[in-house]
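Since the structure comes first, as structure tokens, the remarks are kept for the end.
The values are calculated or read from the model by the stated rules, or taken from the named source; none is laboratory data. Quick caveat: nothing in here was measured; it's all calculated off a predicted structure. Ideal geometry is used to build each Cβ from the backbone, glycine not excepted, and the neighbour counts take in all protein chains shown. When the accessible area is computed, the model is the full protein with side chains, heavy atoms only, and any ligands, DNA or RNA have been set aside. Shrake-Rupley method; radii C 1.70, N 1.55, O 1.52, S 1.80 Å.
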Amino acid sequence: MKQEFIAQNTSPISPPASPPASPPASPPAQRSRDNGHPQALWIFGYGSLVWRPDFAYSDSRVGFVRGYSRRFWQGDTFHRGSDKMPGRVVTLLEDHEGCTWGVAYQVRDEQVNEALKYLNVREAVLGGYDTKEVTFYPQDTPDEPLKALAYVATPQNPGYLGPAPEEAIATQILSCRGFSGHNLEYLLRLADFMQLCGPQAQDKHLAAIVDAVGTMLPCFCPTEQALALV
């Protein structure tokens, strides 16, 4: 299926084998305001934010963070599921060898307050995510890392589902729908984004779930209904 993603006008390059020896990463916030919010802030998205940020921003860059792996371990009872049938969405797992691709958005001035208010509802209140500072390496300038704010779901939040076999996760994704759409759409849009990042962007967990879904989909619904889901 054809999807559109932001910030795809740079040629792909492979991430460095280890964090590059470069000046310290630029801070996520610059020049505090009177209301306590900074005048500039980078926000890292690695799930639905890569294709649907839904807040105003001044700049966006495709890239990656090191030391984390993406996992479909967070339950979702609003956007991609319900109380009776929670969907599966992604969070970040600390992993020394991990590398997670996504998009960093820069918000400035009044955009900062509006973006944080919106994301507090979307990611924290409705999603169960907490905030964490990460080091983001832009795809086009990996030797100029940035500090960014990321939303991460930890095992302490009530919606956390934790690990499961990829086949079981695929079954759950195929069965769930929420206010933002079918859980399958979420999976496939994320897979599309990863393909656009180029062959250097690898996510074995995501790929295994996509493969499992491809095997199971004909058993869940006829071909016409399956195509309608995506």
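For region 40-216, the per residue solvent-accessible surface stands at 41 Å², with DNA, RNA and ligands left out and a 1.4 Å probe.
Charging the Cβ of each Asp and Glu at -1 and of each Lys and Arg at +1, and nothing else, the dipole of region 40-216 about its Cα centre rounds to 380 debye. A cut-off of 5 Å between modelled amide H atoms, ignoring neighbours fewer than 5 places along the same chain, links THR131 with VAL152. In this structure the amide hydrogen of ASP109, modeled in the peptide plane, comes within under 5 Å of the amide hydrogens of ALA40, none closer than 5 places in sequence on its chain. Please identify which residues in region 173-198 have an amide N closer than 15 Å to a label point set 7 Å out from the Cα of MET85, following the Cα→Cβ vector. Within reach of a label on MET85: 173-186. Describe numerically, in nm with one decimal, the distance between label points set 7 Å from Cα along Cα→Cβ at LYS117 and at ASN157. Simple spin-label model gives 2.1 nm for this pair.
Taking amide H as placed 1.01 Å from N in the peptide plane, LYS147 has its amide H under 5 Å from the amide H of SER26, PHE136, each at least 5 places away in sequence or on another chain. Computed on region 50-185, with alpha-carbon pairs under 8 angstrom and 6+ residues apart, the relative contact order is 32 percent. Across region 205-210, coupling constants 3J(HN,Hα) worked out from phi with the 6.51/-1.76/1.60 Karplus curve, θ = phi - 60°, read 4, 4, 4, 5, 5, 4 Hz, and Gly and Pro carry x.
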